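Enquirer: First the structure, which I've put down as structure tokens, then a few questions once you've had a look.
The values are calculated or read from the model by the stated rules, or taken from the named source; none is laboratory data. Everything numeric in this text was worked out from a predicted model, so none of it was measured. Cβ atoms come from the backbone with ideal geometry, glycine included; neighbour counts cover every protein chain shown. In case anyone asks, the SASA skips ligands and DNA or RNA and just uses the protein heavy atoms, side chains included. Shrake-Rupley method; radii C 1.70, N 1.55, O 1.52, S 1.80 Å.
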Amino acid sequence: VDPASEQRRRVLRAIGERLLQARRVVLVTHVNADGDGIGSQAAVAAWLEGRGIETNVVNPTRVPDSLRFLLHRPDLVFDGSPEDAAALIRSADLVLVLDTSEPKRVGALATALDAGRTLVIDHHPPGPEVVGDLALQDTSAAAAGELVYDLIALFEDEIPSPSALGIYVALVSDTGSFRFSNTTPRVHQIAAELLAGGIDPELVFQRLFAILPRRRLELLREALSALDHDPDHGITWIVVPREVVSRLELTSEDFEGLVDHARSLEGTRVAILFRETADGGTKVSLRSSGEADVNRVARRFGGGGHPRAAGADLPAAAGVAVEQVVAGVRAELARGR
Ligand code: AMP
Ligand code: MN
Ligand code: MN
């Protein structure tokens, strides 16, 4: 594998040395964790536990059942109350935050993090605030999992096999199965090394994409029947109202990848998913073909992400959210030309 940049290795060496001196480490990722967040946590957990360091996974929202197979020991996941989560964080020697650096992305856990004991490994464009004193924020990485690979590779000759699985899933998740523009030659080199070490790509495909609960196909039916399109600007969107979320008993993980159906419509430059939440607000997911910077749009609504994939939580019902966000995307597209 091509060496990582000197800057990346320098920060990762400092982070790794701190981690290896700890006795108890807590790993945190962002709300509604995805395959990159959980895969990165699983990979670091397996590495540290192999080194005799007690490790727990403590997240602001529940670890999706569909990703629990990544953990080499399922009981590493803390599933208790937010108060107990904060206590666990406060009693750890160190906290490592993965796949985000922003306090608002770790929800109720933000107040329990004290910067001096908090390290960060992230690949998002930096926001206004960082949760830790020692942070790697490297937007040239395809996934936090790529940085975790580099971290472990600095200290081990071979990536331990439960870590390899987590890293592989992180790469698959954030590159859209090696299809998005962040799929660099280096991503393929890392994946090749992981496959040579015994990762079964078909098994990962089965666990992540091939076997779905019935409610997900019913959600897809609802989503496609609600597909909306602005042909003049190349904007395509889907609205999933509260009624559908509660009737089908949907959870956040059920929406993974749904916005890509909107993106697949011919002529689409920006695709948007609007999902009404139990608190009366709307969760928005934005995807861009590259012409518009959707991170800029999301930030205007208090959210964030990457230039081609971003999100925001609006305190409004879908009707209002659609009006405001679609207008914001039109303005961003106009700016880009
Ligand atoms: P999603 O649309 O939820 O799949 O998220 C796409 C990207 O945007 C990911 O990198 C997320 O971390 C980021 N993102 C999603 N929602 C938010 C939010 N409310 N605030 C900041 N970043 C977000
Ligand atoms: Mn993520
Ligand atoms: Mn990521």
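Enquirer: Ordering E54, E156 by accessible area with a probe of 1.4 Å, largest first, what comes out?
Expert: E54, E156
Enquirer: Here's something else I'd like to know. To the nearest 10 square angstrom, how much accessible area does H233 have with a 1.4 angstrom probe?
Expert: 50
Enquirer: Take D133, project a point 7 Å from its Cα along the Cβ direction, then tell me which residues of the stretch 10-44 have their backbone nitrogen under 16 Å from it.
Expert: Inside the label zone: 14-22.
Enquirer: Also, quick follow-up: Of V325, S181, L212, which is farthest towards the positive pole of the chain's charge dipole, taken about the Cα centre with +1 and -1 on the beta-carbons of Lys, Arg and Asp, Glu respectively?
Expert: Value computed over the given set: V325.
Enquirer: Continuing with the same structure: Where nothing but the Cβ of Lys and Arg (+1) and of Asp and Glu (-1) is charged, how large is the charge dipole of the stretch 88-154 around its Cα centre, in debye to the nearest 20?
Expert: The dipole magnitude comes to about 240 debye.
Enquirer: Heads up, I need the accessible area for T61: 1.4 angstrom probe, whole protein in place, Å², nearest 10.
Expert: 50
Enquirer: Over the Cα atoms of the chain, what radius of gyration and what Dmax do you get, in Å?
Expert: Both quantities, over Cα of the chain: 19.5, 59 Å.
Enquirer: For the stretch 249-300, what ratio Rg/Rh do Cα atoms give with a Kirkwood hydrodynamic radius?
Expert: Working: Rg = 12.1 Å, Rh = 12.1 Å.
That ratio equals 1.00.
Enquirer: If I fit a long axis through the Cα atoms of helix 185-196 and take the longest principal axis of the Cα atoms of the chain, what angle between them do I get, 0 to 90°, rounded to 10?
Expert: Its long axis makes an angle of about 60 degrees.
Enquirer: So how far, in whole Å, is the C-alpha centre of the stretch 40-69 from the one of the stretch 88-139?
Expert: Distance between centres, Cα-based: 16 Å.
Enquirer: On to the next question. Below 8 Å, C-alpha to C-alpha, sequence gap of six or more: please give me the relative contact order for the chain in percent.
Expert: This gives 13 percent for the chain.
Enquirer: Once you charge only the Cβ atoms, +1 for Lys and Arg and -1 for Asp and Glu, what is the size of the charge dipole of the stretch 1-107 about its Cα centre, to the nearest 20 debye?
Expert: It works out to roughly 340 debye.
Enquirer: Write down Rg/Rh for the stretch 109-153, rounded to two decimals, with Rg from the C-alpha atoms and Rh from the Kirkwood relation over Cα pairs. Present the calculation step by step, with values, prior to reporting the outcome.
Expert: Numbers: Rg = 11.2 Å, Rh = 11.3 Å.
For the stretch 109-153, the value is 1.00.
Enquirer: Show me the three semi-axes of the equivalent ellipsoid for the stretch 9-145, from the C-alpha gyration tensor (sqrt of 5 times each eigenvalue), largest first, rounded to whole Å.
Expert: 19, 17, 16
Enquirer: Once every Cα of the stretch 203-337 carries one equal point scatterer and solvent is ignored, give the base-10 log of I(q)/I(0) from the Debye formula at q = 0.22 Å⁻¹, two decimals.
Expert: Here the Debye-derived log intensity ratios amount to -1.35.
Enquirer: So how strong a dipole does the stretch 144-293 carry about its Cα centre when Lys and Arg Cβ are +1 and Asp and Glu Cβ are -1, to the nearest 20 debye?
Expert: 460
Enquirer: Helix-only estimate, please: 222 nm mean residue ellipticity of the chain, summing -39500 (n - 2.57) across DSSP H runs of length 4 or more and dividing by its residues, to the nearest 500.
Expert: -12000 deg cm²/dmol
Enquirer: Moving on. In units of 2.2 N^0.38 Å, what is the alpha-carbon radius of gyration of the stretch 45-111?
Expert: Scaled against compact globular proteins, the figure is 1.11.
Enquirer: Whole number please: convex hull volume per residue of the Cα set in the stretch 170-221, in Å³? If you can, show how the numbers build up before the last one.
Expert: On the way: hull volume 4.3 nm³, N = 52.
Enclosed volume per residue, from the Cα hull, is 83 Å³.
Enquirer: For W47, W237, what's the largest-to-smallest order of accessible area, 1.4 Å probe?
Expert: Largest accessible area first, the list is W237, W47.
Enquirer: Between the stretch 155-213 and the stretch 230-247, what is the C-alpha centre distance in whole Å?
Expert: Comparing the Cα centres of the stretch 155-213 and the stretch 230-247, I get a distance of 31 Å.
Enquirer: Something else now. Which log10 I(q)/I(0) values, to two decimals, does the stretch 152-254 give at q = 0.13, 0.23, 0.24 Å⁻¹ under the Debye formula with one point per Cα?
Expert: -0.69, -1.18, -1.23
Enquirer: Under a 1.4 angstrom probe, counting protein chains only, how are E83, E253 ranked by accessible area, largest first?
Expert: Putting E83, E253 in descending order of accessible area: E83, E253.
Enquirer: Starting from the Cα gyration tensor of the stretch 117-196, take the square roots of the eigenvalues, sort them a ≥ b ≥ c, and report rounded, prolate or oblate (rounded when a/c is under 1.5, otherwise prolate if a/b is larger than b/c, else oblate).
Expert: Oblate, since a/c reaches 1.5 and b/c is not below a/b.
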